[in-house]
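Working notes for the structure below.
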Amino acid sequence: MHVLTKTWMAGALATLMAATSAIPAGAMPLVAPQVQKSTDVETVQYRDRRGWYHGHRGYRHHRPGYRRHSDGWWYPMAAFGAGAIIGGAISGSRPAHAGLSSRHYQWCESRYRTYRASDNTYVPRAGVRAECRSPYY
């Protein structure tokens, strides 16, 4: 009886959806917008001022908190500091672990072909670098 009710409800829903998809929607009719032509055309002279719209050019004279760049313009110190921090983070490598004995390094190098002493890791079969844990660790 339960299966018959489910089948009957599914059939009723399918019939209802088929009937409503064939009936057009009672939406508001589209009205074409009226476009007004304007004769207020203004001629403008174009000047290519390099650096004005494509980035900050800096200031011509000294300002507090600004630094002179090699191009002769003054830029905020944060511009140089952010560049130094980002550049250092990109190029900086992690130092070797302090306090690890030379026997640990020898053990890891002899055991793993892909061992890298700079960060104490090797590449296992999974392909993701893992830390080397020797008996001398």
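The values are calculated or read from the model by the stated rules, or taken from the named source; none is laboratory data. As the structure is a computational prediction, the values presented were derived from the model and not from experiment. Cβ: placed from backbone, ideal geometry, glycine included. Neighbour counts: every protein chain shown.
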| remark: Note on G72: of the conditions (1) part of a loop (DSSP other than H, G, I, E, B); (2) modelled with pLDDT of 75 or more, unmet is (2)
| Test: residue in region 28-39 that is loosely packed, with under 10 Cβ neighbours inside 10 Å, at pLDDT 70 or above and assigned by TED's automatic domain parsing to the domain that holds Y137 | no
